[in-house]
Amino acid sequence: MNKVRIIPCLDVKDGRVVKGINFIDLIDAGDPVEQAKHYSENGADEICFLDISASLENRDTMINVVEKTANEVFIPLTVGGGISSIENIQSLLRAGADKISINSAAIIEPEIIKKSSEYFGNQCIVVAVDAKKIQNDWYVFSHGGTKNTGIYALEWIEKVQKFGAGEILLTSMDKDGTKSGFDTDLLCKVSQLLQIPLIASGGVGELSHFYDGISLGNANALLAASVFHFNEISIKEVKKYLLSKNVNVRI
């Protein structure tokens, strides 16, 4: 049985870690390199960097921050934001990233998933999906959660799996930053469609939410931000708690 991964997510804007609620009202949460190093030393299984302004402002992801982090951190590093070409992916992998998270570019041109997974191997390609519930369905949002694409999230996730995605990073926009727990209903529906790993994101506020993401949402990895950035819960506490629930985690 594969170990459940605990992944701190660092949303980066203008070279700083930020955090908000429902993708808005951002506040400063520290230096990304120092934060990543701290998490690496304290039990994180991976680090996820998302340059949340890159797609919106049509900028490349911060290569410099990735290079500095890769020199300090020796666990897998996933990087996303503003990635729109094979060349972008190649430059980030050369800078030290282990995986690349694609979101808006995949919506605009789904072929990039197929091309990149064939070129680099699907283990490098994570497709990030920002989903928001409207009436009775979840829809995919792009460009840092600012644009409703009108695409049904469940159908999109099935499509990107077929195109060669190696993992799905699923963020509930309704839950993001609220600390009310993962959207386990959404996670459960998505997990039933997948043969690839599912990373749950959006809504962690207490230890029990991590267990819910696994037991109710069937996620393979759990991603959180606020509770880690502001020292409300430590990664070691999460792993100790999950072990007490007989969840297989790396210690």
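The values are calculated or read from the model by the stated rules, or taken from the named source; none is laboratory data. Here the structure is a predicted model, which is why all the values come from computation and not from measurement. In this analysis, Cβ positions are derived from the backbone assuming ideal geometry, glycine residues included, and neighbour counts consider all displayed protein chains. Quick note on the areas: whole protein, heavy atoms, side chains included, nothing else; ligands and nucleic acids left out. Shrake-Rupley method; radii C 1.70, N 1.55, O 1.52, S 1.80 Å.
Across the protein chains, with a 1.4 Å probe defining accessible surface, the residues Lys115, Lys159, Lys239 rank Lys115, Lys159, Lys239 from largest area downward.
Note down the magnitude of the dipole of the chain about its Cα centre, charges +1 on Lys and Arg C-beta and -1 on Asp and Glu C-beta and zero elsewhere, to the nearest 20 debye. Walk me through the numbers before you get to the answer.
Details: 25 positive and 32 negative charges, 112 e Å.
Taking the Cα centre of the chain as origin, the dipole is about 540 debye.
Computed over protein heavy atoms with a 1.4 angstrom probe, the accessible surface ordering of Ile52, Ile251, Ile75, Ile113, largest first, is Ile251, Ile52, Ile75, Ile113.
Amide H of Asp51: which non-local residues (sequence gap of 5 or more, or other chain) have their own amide H closer than 5 Å, using H built in the peptide plane? For Asp51, the qualifying residues are Val12, Gly80, Gly81. The calculated FRET efficiency for Gln135 paired with Asn71, based on their beta-carbon distance and R0 = 35 Å, is about 0.15.
Determine the percent antiparallel among the DSSP beta bridges restricted to the chain, to the nearest 5. Numbers along the way, then the final one.
Values: 15 of 47 bridges.
The answer is about 30 percent antiparallel.
The calculated FRET efficiency for Thr146 paired with Asn248, based on their beta-carbon distance and R0 = 41 Å, is about 0.65. If I ignore ligands, DNA and RNA and count only protein heavy atoms, how much of Thr184 is accessible to a 1.4 Å probe, in Å² to the nearest 10? That residue has around 40 Å² of solvent-accessible surface.
The H on the amide N of Ile151, modeled in the peptide plane, is under 5 Å from the matching H of Val140, each at least 5 residues off or on a different chain. Across the options Val204, Leu92, Ser104, the greatest Cα extent toward the positive end of the charge dipole of the chain (unit charges at beta carbon of Lys, Arg, Asp, Glu) belongs to Val204.
Hey, what's the per residue convex hull volume over the C-alpha atoms of the chain, in cubic angstrom? Walk me through the numbers before you get to the answer.
Numbers: hull volume 27.6 nm³, N = 251.
With only Cα atoms used, the chain gives 110 Å³ per residue.
In whole Å, what is the distance between the alpha-carbon centres of segment 87-108 and segment 195-251? When both Cα centres are located, 25 Å separates them.
Rounded to 0.05, the FRET efficiency of the Ile108 and Glu41 pair, given R0 = 45 Å and the Cβ-Cβ distance, is 0.75.
Here segment 65-194 is treated with +1 on each Lys and Arg Cβ and -1 on each Asp and Glu Cβ, and its dipole about the Cα centre works out to around 60 debye.
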